[in-house]
1. Give the Rg/Rh ratio for the range 17-61, taking Rg as the radius of gyration of the Cα atoms and Rh as the Kirkwood radius, to two decimals.
2. With the crude spin-label approximation of a point 7 Å out along Cα→Cβ, what separation in nm comes out for residue 97 versus residue 126?
3. Roughly speaking, what is the stretch gain from residue 9 to residue 41, that is 0.36 nm per residue apart minus the C-alpha to C-alpha distance, in nm to one decimal?
4. In square nanometres, what is the average projected area of the Cα convex hull of the chain?
5. Please report the antiparallel percentage of the DSSP beta bridges confined to the chain, to the nearest 5.
6. Post the alpha-carbon centroid distance, the range 137-154 to the range 43-107, in whole angstrom.
7. Could you state the orientation-averaged shadow area of the convex hull built on the Cα atoms of the range 89-154, in nm² to one decimal?
8. Using the per-residue mean of other Cβ atoms lying within 10 Å as a proxy for protection, in what order, highest first, do the peptides 13-22, 56-65, 126-135 fall?
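Every read-out reported here was derived from the displayed coordinates using simple, explicitly stated rules and does not represent laboratory data. This structure is a prediction, so every number in the text was calculated from the model and none was measured. Cβ coordinates were reconstructed from backbone atoms using ideal geometry, including for glycine residues, and neighbour counts include every protein chain displayed.
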């Protein structure tokens, strides 16, 4: 699977089919609740007001997801990208890089000119810096995992 190109679709919450919603919630649970052992409420009410980016392989399997948040939903004056996750079998294949490139492209289309603020796990700082994000906070714990806020644009 190394080097395979994912096909991305981006849908507002109400456009998601029940099957797509189930798939993306399952992938997020695998990554955040099971792998990272973080008991938290994933269904935080924000999904209803967001666009959802889904990356599938050639067989149609969902391998990467991200939630695209409009200005003010998480941070005043900023749009945001959250719930960024790649399936375990997609790790090391470039899927995460493809996901972020697609997310930034969609953010530019959906929220032109708006700066983007994210809450990034500390170990991913260099990954996000490679897309132009800059650290904009001290390290803080979220669900027991060290995070920093990062900004792109603005």
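1. A ratio of 0.99.
2. Between residue 97 and residue 126, the label points sit 1.4 nm apart.
3. 9.0 nm
4. Averaged projected area of the chain's Cα convex hull equals 8.6 nm².
5. 95
6. The range 137-154 and the range 43-107 have Cα centres separated by 17 Å.
7. 5.1
8. 56-65, 126-135, 13-22
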